Amino acid sequence: MTDWQGLEKKYYMQVVARTPVTLVRGKGARVWDDKGKEYLDFVAGWAVDSLGHCHPVITDALNKQARTLVQTSNQFFTVPQVRLSELLVKNSCMDRVFICNSGLEANEAAVKLARRYGHLKLNGAYEVVTTFNSFHGRSLFMTAATGQEKFHKPYVPLPDGFVNVKYNDVEAIKAVTTEKTCAVMLEPVQGEGGVNVPDDDYLKKVREWCDTRGILLILDEIQTGVGRLGALWGYELYGVEPDIITLAKGLASGIPIGAVAAKENASVFALGEHGSTFGGNPVTSATAYAVLKYIIDKDIPAHVKKVGQYLMDALLALKNKYPFITEVRGRGLLVAVQFESDIAGDVLTASLEKGLLVNQVKPDAIRLIPPLIIGNKDADKAIGILDAVFSGIVKR
Ligand SMILES: Cc1ncc(COP(=O)(O)O)c(C=O)c1O
């Protein structure tokens, strides 16, 4: 049998501490490794596989478009790109869309837009306020935007133009807003930072502050958008309308894509001021269109709300049973289980042995981000495995 993991160590840059499993196949919420072992996938490509693995909606759209037209460049008009943009606009509070290839690119575009806005409407203001424990991507610019020291350290000096402040604290944003500020950029719920849910009125207060100062509110919905929180867009849960949103991850359920969408007022790029070779490519756009249309038509966000609550209730029951669980937090199907000590790695390993994939979001917390189409039975199975794992930890 080929030693794929050994070959990876030899040939691939060693930048990710991988879980020692080589996945070769997936269907729905299940994946199989190269030894034929089955797993229930509560990682879903890091909150990407919204419809699960190899859903016919994805594979059919992908196949059909791959046989029709694959890539043209943005020198020309293409139908799937326009259809996807129209679908996004008609189902959000946004007016215009730009499609790219990943989350960080969407955020780069959003911050570029905010800077153009600053140049044109705010006397050259260019600074963007972001928050501690945020995650906005891995380019140098988005590393600077990300409010986590560990990502900054290897790359200093970082590009100028970001101020990081405490999350869930509008006063902290107010304190650093100056005539240089053009925007505030936030996640509706912080994902990579540990699944941090803000107070219900936080985004409203930030919106009010942005309006008072005439600056833009950018919501990074890369992890929270497309149904993950139990609403199509995270901002709906908080009763605000941002000026700009960024999307990626679940939008095409596994095909690489990113998108920035803006209200007309904030949509200030002029010809030639932004672009992409692959962005909005027919294959990607056709797949994203099919995925998003399915999510809207089948009201997957309502399903996520229900199954998310079911999962949350079961996790809270486990919290009552095991005192080393200090908190269960999240919205919809973006959930974290917090432990009192750094046992997340042990929980991950033991879950793996029993056939459940989870994500270690912090040394002392696991994150559950399954496909949006899981049912109560999948939740029961995951809970059963976690229960067995936690009881094993008690016996150690
Ligand atoms: C909220 C958020 N923003 C941006 C990104 C970066 O997206 P990508 O890895 O596609 O560049 C991520 C990735 O985890 C994310 O969770």
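The values are calculated or read from the model by the stated rules, or taken from the named source; none is laboratory data. What you are looking at is a predicted structure, and each value in this text was computed from that prediction instead of being measured. With ideal geometry, Cβ positions are generated from the backbone for all residues, glycine too; neighbour counts draw on all protein chains shown. Only protein heavy atoms, including side chains, enter the accessible area calculation; ligands, DNA and RNA are left aside. Shrake-Rupley method; radii C 1.70, N 1.55, O 1.52, S 1.80 Å.
Computed over the chain, the P(r) curve from all C-alpha pair distances, binned at 20 Å from the origin, holds 27, 58, 14, 0 percent per bin. Show me the GluC sites (Glu not before Pro) within the stretch 235-329 that DSSP assigns to loop and that have at most 16 other Cβ atoms within 10 Å of their Cβ. Taking the stretch 235-329 and a limit of 16 other Cβ atoms within 10 Å, the loop GluC sites (Glu not before Pro) found are GLU273.
Bridging of LYS263 to lysines at a Cα separation below 20 Å is possible for LYS90, LYS112, LYS121, LYS204, LYS205, once same-chain residues fewer than 8 apart are set aside. Just the number, please: carbon plus sulfur as a percent of the accessible area of the stretch 13-137, 1.4 Å probe, no ligands or DNA/RNA counted. Of the solvent-accessible surface of the stretch 13-137, carbon and sulfur hold 57 percent.
Largest to smallest in accessible area, the residues ASP200, ASP299 fall in the order ASP200, ASP299 (1.4 Å probe, all protein chains included). Accessible area per residue for the chain is 45 Å², calculated with a 1.4 Å probe on protein heavy atoms, without ligands, DNA or RNA. Placing dummy labels 7 Å off each Cα toward the beta-carbon, the span from GLN71 to ALA317 is 5.0 nm.
Between THR19 and LYS298, the FRET efficiency estimated from the beta carbon spacing at R0 = 41 angstrom works out to 0.85. Note on the stretch 144-258: with neighbouring protein chains present and a 1.4 Å probe, carbon and sulfur make up 49 percent of its accessible heavy-atom surface.
Once the Cβ-Cβ distance between ARG396 and GLU149 is put in as r, and R0 is 45 Å, what FRET efficiency do you end up with, to the nearest 0.05?
Details: r = 32 Å, r/R0 = 0.72.
The computed FRET efficiency comes out at 0.90.
Listed values for the stretch 144-156 are Karplus-derived 3J(HN,Hα) couplings in whole Hz (6.51 cos²θ - 1.76 cosθ + 1.60, θ = phi - 60°), namely 5, 5, 5, x, 9, 3, 4, 7, 6, 3, x, 10, 4, and x replaces Gly and Pro.
Could you please put GLU241, GLU149 in sequence from largest to smallest accessible area, using a 1.4 Å probe? Mind dumping the intermediate values first?
Numbers: GLU241 95, GLU149 125 Å².
Highest to lowest solvent-accessible surface, that is GLU149, GLU241.
Gain on full extension, evaluated as 0.36 nm per residue between GLU264 and LYS64 minus their Cα-Cα distance, stands at 68.7 nm. Along the stretch 336-343 the Karplus relation, 6.51 cos²θ - 1.76 cosθ + 1.60 evaluated at θ = phi - 60°, assigns HN-Hα couplings of 10, 10, 9, 10, 7, 9, 7, 10 Hz to successive residues, with x for each Gly and Pro. The distance from the alpha carbon centre of the stretch 134-165 to that of the stretch 24-42 is 35 Å, rounded to a whole number.
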